[in-house]
1. Of all residues in the range 498-548, count the ones that are within 22 Å of His8 (Cα to Cα), of a type in the set (A, V, I, L, M) and within 11 Å of the ligand (Cβ to nearest atom).
2. Restricting attention to the range 487-497, and to residues there that are more than 16 Å from the ligand (Cβ to nearest atom) and not charged (D, E, K, R), which single residue is surrounded by the most Cβ atoms within 10 Å (Cβ to Cβ)?
3. Checking the structure you have, find out if any residue of the range 615-632 is more than 26 Å from Leu486 (Cβ to Cβ), touching a Leu at 6+ places or on another chain (Cβ under 7 Å), touching a residue at least 12 places away in the same chain (Cβ under 8 Å) and surrounded by 15 or more Cβ atoms within 10 Å (Cβ to Cβ).
4. Quick one: which of Pro745, Pro730 is more than 13 Å from the ligand (Cβ to nearest atom) and touching a residue at least 12 places away in the same chain (Cβ under 8 Å)?
5. Go through the range 165-183 and give me each residue that's within 25 Å of Asp319 (Cα to Cα) and assigned to a strand (DSSP E or B).
6. Looking at the range 92-164, what strands (runs of 3 or more DSSP E) fall wholly within it and have at least 1 residues that are of a type in the set (Asp, Glu)?
7. How many residues, within the range 403-424, are under 19 Å from Val658 (Cα atoms) and over 27 Å from the mean Cα position of the chain (by Cα)?
8. Here is a list: Tyr759, Tyr748. Which entry is among the aromatic types (Phe, Trp, Tyr) and within 29 Å of Gly504 (Cβ to Cβ)?
Amino acid sequence: MATEVHMHGRIGESIKRKEDARFIRGKGNYLDDIELPGMLHMAILRSPHAHARVKSVDTAAASAMPGVIAVVTGELMAQHKLAWMPTLSYDTQAVLATDKVRFQGQEVAAVVAETLYQAEDARDAIVVDYDVLPAVTSPDQAKQSGAALIRDDKENQKDNHIYHWESGDKDTTQAAFAKADKVVRLHTFYPRCHPAPLETCGCIADVNGATGKATIYMTSQAPHAIRTVFALVTGLPEQNIRVISPDIGGGFGNKVPVYPGYVVATAASLLIGRPVKWVEDRNENLISTGYARDFHMTGDLAVDKDGKMLALRVHLDSDNGAFFADAQPTKFKAGLFHIVTGSYDIPTAHITADGYYTNKAPGGVAYRCSFRVTEASYMIERLVTNAAIELGIDQAEFRKQNFIRKDQFPYHSATGWVYDSGDYHRAMDVALDQLGYKEMRKDVEARRKKGEVTGIGIASFTEVVGAGHGADFDILGLRMFDSAELRVHPTGKAMLRMGTKSQGQGHETTFAQIVTEELGIPAADVAVEEGDTDTAPYGLGTYASRSTPVAGAATAMVARKLRDKARKIAAHLLEADEADLEWETGRFYVKGSPDKAKTIQEIAFAAYTNLPEGMEAGLEGVHYYDPPNMTYPFGTYAVVVDIDKGTGQVKVRRVVAVDDCGVRINPMIVEGQIHGGLTEGFGIAFMELITFDADGNCIGSNFMDYLLPTAWETPRFELGETVTPSPHHPLGAKGVGESPTVGSPAAYVNAVIDALTPYGVKNIDMPVTSDKVWAALRAAGVNE
Ligand code: CDP
């Protein structure tokens with residue numbers, strides 16, 4: 001038999017994305033592509049008011065309209081004990097309103113009809129009598145003693161305060177501040193923005209009355225967790241629930257929570273006995289589903305006269321909307337915000353956070369972020385730049401002076417994190433070299449002398465991705481492990497199934513590459529499947545850049561299990577002792593006789609045809625990986641901006657992004673992730689904003705008001721890399737997907753602040769729009 005080994009697609013190879021063959025031909029299978037026999041359509045009636053008592057819901061006219069099969073109200077849901085559901089943060093959320101509406105866009109009733117248009121027409125014929133109440137639209141308002149009580153449905157809730165949470169050491173931090181030569185303060189607001197995936201959220205619920213089986217096609221980033229929540233909410237036995245996430249057109253955290261529409265569609269299908277499809281439109285997506293950020297933050301950095309950081313104190317008020325529905329690990333009320341000491345060796349820190357109910361949509365999803373790491377990274381990186389400016393030290397030098405050094409890893413942070421590995425100085429040096437920092441600084445000074453407004457911004461972020469370790473990280477009690485099941489067929493081709501779910505990140509390619517690396521089966525021969533809870537092993541899903549750190553590790557581990565069995569089979573085939581066999585990717589050979597070998601394909605065939613006596617047949621296994629720690633990717637981003645004095649328009653001239661995500665599985669895909677993340681960071685920094693008027697009307701509910709960057713606005717990105725492997729990940733890989741969204745907003749804004757420093761401007765909150773910059777320049781006396 002031939003022993004030649006073909007292994008296209010090992011780790012480090014930029015092979016083309018396998019899934020693109022169907023995506024670029026329009027052959028993807030998204031939720032709205034799915035048509036089931038007898039399928040009905042559902043439209044949801046939403047509240048026009050931010051806060052109002054629901055006096056009555058009149059469905060008579062709607063029920064009589066053509067094609068209408070059912071009108072579902074809160075009252076009907078209450079009869080089935082489904083008017084309220086649990087949130088991912090142990091609160092309750094109204095499925096359909098029974099007593100009050102608490103945000104504009106809240107679900108009030110739903111119509112199920114033969115066609116979508118019939119459902120929408122009938123929805124508009126429902127008459128709701130509201131008694132409008134005053135709206136609370138900010139934490140500052142929410143904490144006033146006379147503020148309207150939003151959650152009067154909760155017995156012990158006497159005000160709008162949700163939680164108080166602390167991290168770090170108050171006393172040592174206070175003592176360090178007392179000794180500081182200088183304290184630099186930044187008050188900043190990371191505004192509410194939205195993941196806005198191209199495909200909105202939706203589901204098709206198909207409950208079979210005869211078998212009792214509920215098949216729910218859903219745009220879910222976490223299908224297994226959703227199945228469990230559904231079993232608990234509806235009382236359906238979990239084995240009778242099958243959640244299938246088909247191809248997903250972007251998620252970015254928006255598709256993690258359980259939305260009322262899913263529950264209503266499932267209840268409707270159960271009651272009617274036909275499949276029910278619900279797909280939200282863009283407006284519904286932007287006003288009612290998981291928003292991101294909305295943190296009001298005040299940070300104080302204590303430094304000594306030499307510029308050494310001594311202590312950090314941060315307080316934040318979180319605007320959680322009407323229901324506390326943040327998608328985050330149970331233990332951490334304000335997400336992982338306490339990573340806020342970032343890349344710096346700050347001996348002590350104290351973080352306090354208070355959450356408030358407001359009359360806004362709930363959510364708090366980790367929009368391309370590990371549970372509030374983005375807000376933390378923004379806070380520290382903005383604060384550090386402001387401190388450098390106030391101290392008169394170069395921003396790059398100030399960072400380098402205070403970076404955690406390479407020899408300090410594993411590094412124990414003041415708020416209890418253990419950073420796995422890093423070399424921040426090197427990432428900074430690579431970025432500065434690539435930008436030509438010294439010359440660029442001189443150029444900035446020369447331009448300023450000519451009256452130009454120009455500046456350089458730097459951000460050196462540290463991230464924490466790959467939740468969990470399960471003992472510390474759980475969602476609703478479910479430990480945040482993940483899984484991989486690998487089956488090698490007799491012909492040496494393989495099927496890999498995982499508990500994660502790609503939304504465009506290229507999992508079908510990169511996870512096949514891990515199998516190639518570990519077993520030598522070419523990536524083209526490894527089919528990767530995710531998203532079907534009837535077939536995939538249980539996992540917590542894809543968000544927070546956890547797929548590679550957790551499920552990627554599970555893939556490597558299961559492949560290694562199979563390799564151990566393959567060694568036994570090879571020994572049998574080669575009539576050699578196991579200990580005498582050497583592995584090189586794709587084959588075992590007898591030590592000293594490289595020609596006496598068996599390929600993994602030959603071994604796979606033997607696993608079904610010619611096994612050692614007594615051995616179980618087959619070559620397959622499953623691994624549930626509970627990571628010992630998170631991974632800590634990092635990088636330095638440097639941005640150059642030019643500002644037009646007359647209009648306040650900011651033009652981004654250069655963006656240099658040096659990322660270190662440990663070992664890169666597929667460098668091309670990593671670069672694609674970085675491009676996407678830098679674009680989203682750019683949008684957040686300069687364009688995207690969900691805001692509200694005094695009555696709680698949502699402004700930013702469509703793509704005319706909520707501005708996403710297109711290729712026209714997006715700057716050119718210059719990428720660089722360093723590689724510092726994670727010591728605890730089996731492949732040395734760290735996550736990367738969210739790094740650029742986490743790290744870049746501060747770099748963009750720091751560049752604007754640097755440019756405006758000669759005019760005394762210390763802060764402009766995002767989005768940094770031309771009118772804000774124009775006003776800042778006017779306030780500084782510029783009149784050109
Ligand atoms: O969880 P999610 O897939 O969003 O994030 P990720 O683990 O950072 O991975 C995003 C994509 O980049 C996946 O296809 C990864 O396998 C790939 N990646 C890689 O090739 N090398 C890394 N070190 C990290 C991610």
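1. 4
2. Only one residue tops the list, namely Val488.
3. No: the range 615-632 contains no residue that is more than 26 Å from Leu486 (Cβ to Cβ), touching a Leu at 6+ places or on another chain (Cβ under 7 Å), touching a residue at least 12 places away in the same chain (Cβ under 8 Å) and surrounded by 15 or more Cβ atoms within 10 Å (Cβ to Cβ).
4. None of the others qualify; the one that does is Pro745.
5. Across the range 165-183, the qualifying residues are Trp165, Glu166, Ser167, Gly168.
6. Counting at least 1 such residues, we get 107-113, 127-132.
7. Residues meeting the conditions: 2.
8. That would be Tyr748, the only listed residue that is among the aromatic types (Phe, Trp, Tyr) and within 29 Å of Gly504 (Cβ to Cβ).
The values are calculated or read from the model by the stated rules, or taken from the named source; none is laboratory data. All of these numbers come straight from a predicted model, not from anything done at the bench. Using ideal geometry, Cβ is built from the backbone for each residue, glycine included, and neighbour counts are taken over all protein chains shown.
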